[in-house]
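Undergrad: Dumping the structure here so I can ask a few things about it.
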Amino acid sequence: MHMPAGKFTNGLIIANVLIYLVIWIFGWEQQALLRGGMFPVRLSGEVPELAAYGWLVPAWLTPLSAAFLHSGLLHLGFNMLMLLFCGRFVEQAIGPGLMAVLYLVGAYAAAIAQYAVDSSSMIPMVGASGAISAILGAYALLFARNRVDAVGPIPGHVVRIVWLTLAWIAIQLMIGVATSGNLQGIAIFAHIGGFVAGLLLTRPLLGWRFRGA
């Protein structure tokens, strides 16, 4: 299968890699985590323990800043691989501008989902996984080959969204159990939030791109 060009996708990958390299070269890993990570508790108000470090990325911007921070080379590599193989196809379908919207909304949907589950958490969330989950949701909806029939009054495309969401939730739960024996080792609900956002946005974004065509 031919791989589309995907200028925006390529730009995202380059930006993530460059940011990781600069942080690694200068040994800023801890500073980047503390200042730019998405701490759910910060979305509820000021946190004295973090305020002691001085300047921090504003709380409302941390869902975006955290999406460009990674905890290690393996973390970065896996995320960029998923973005490379799925992002270009989604970008070809909806265009680079709307791809940026999808990525941004995915990052915030992931943060909101993680906050909703544990708003008092002091564990920082970093990585592009939530935003990429939105792209994976769009990819699954756009390129799934199986036809889904309506269930009573529920349209087929809605049934597909529900099934894909349930499947993604099951996969994330299994990953959490397999990696740490519980759901604390990975931002499971952030991934789910991003994926659902991708599913819900795909049709409106397609309609927006091709309106009047």
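Undergrad: Give the long-range amide H neighbours of Met125: residues separated by 5 or more places, or on another chain, with amide H under 5 Å away, using H modelled in the peptide plane at 1.01 Å from N.
TA: Met38, Phe39
Undergrad: Per residue of segment 38-45, what does 6.51 cos²θ - 1.76 cosθ + 1.60 with θ = phi - 60° give for ³J(HN,Hα)? Whole Hz please, x for Gly and Pro, Karplus curve as stated.
TA: For segment 38-45, the Karplus-derived couplings read 8, 8, x, 4, 5, 6, 8, x Hz, x marking Gly and Pro.
Undergrad: Let me ask another. Give me the distance in nm between label points sitting 7 Å out from Cα along the Cα-to-Cβ direction at Glu49 and Trp28, one decimal.
TA: About 2.4 nm separates the two model spin labels.
Undergrad: Now, a different point. What is the local net charge at Ile94, summed over the other residues whose Cβ is closer than 15 Å to its Cβ (Lys, Arg +1; Asp, Glu -1)?
TA: +4
Undergrad: Using a Förster distance of 35 Å, how high is the FRET efficiency between Ser120 and Phe143, based on the Cβ-Cβ distance and rounded to 0.05?
TA: My answer for the efficiency is 0.35.
Undergrad: First measure r as the distance between the Cβ atoms of Gln92 and Val17, then evaluate 1/(1 + (r/R0)^6) with R0 = 25 Å and state the FRET efficiency to the nearest 0.05.
TA: 0.70
Undergrad: Classify segment 67-126 as rounded, prolate or oblate, taking a ≥ b ≥ c as the square roots of the eigenvalues of its Cα gyration tensor: rounded when a/c is under 1.5, otherwise prolate if a/b is larger than b/c and oblate if not.
TA: Taking the square roots of the gyration eigenvalues as a ≥ b ≥ c, segment 67-126 is oblate.
Undergrad: Please give the solvent-accessible surface of Arg209 in Å², to the nearest 10, using a probe radius of 1.4 Å with every protein chain present.
TA: Rounded to the nearest 10, that gives 100 Å².
Undergrad: Along each of its three principal axes, how wide is the spread of alpha-carbon positions in segment 24-75, in whole angstrom units, largest first?
TA: 32, 20, 13
Undergrad: For a quick protection proxy, order the peptides 83-90, 128-135 by their average other-Cβ count within 10 Å, most packed first.
TA: Listed from highest to lowest mean packing, they are 128-135, 83-90.
Undergrad: Quick one: net charge of Tyr53's neighbours, Cβ under 15 Å, K/R +1, D/E -1?
TA: -1
Undergrad: Beyond 20 Å, what share of the Cα-Cα pairs of segment 1-114 is found? Please give it as a whole percent.
TA: Result for the distance tail: 48 percent.
The values are calculated or read from the model by the stated rules, or taken from the named source; none is laboratory data. This one's a predicted model, so the numbers in the text were calculated from it and none came from an experiment. Please note: Cβ atoms are built from the backbone with ideal geometry, for glycine as well, and neighbour counts cover all protein chains shown. What goes into the accessible areas is simple: the full protein's heavy atoms, side chains included, and nothing from ligands, DNA or RNA. Shrake-Rupley method; radii C 1.70, N 1.55, O 1.52, S 1.80 Å.
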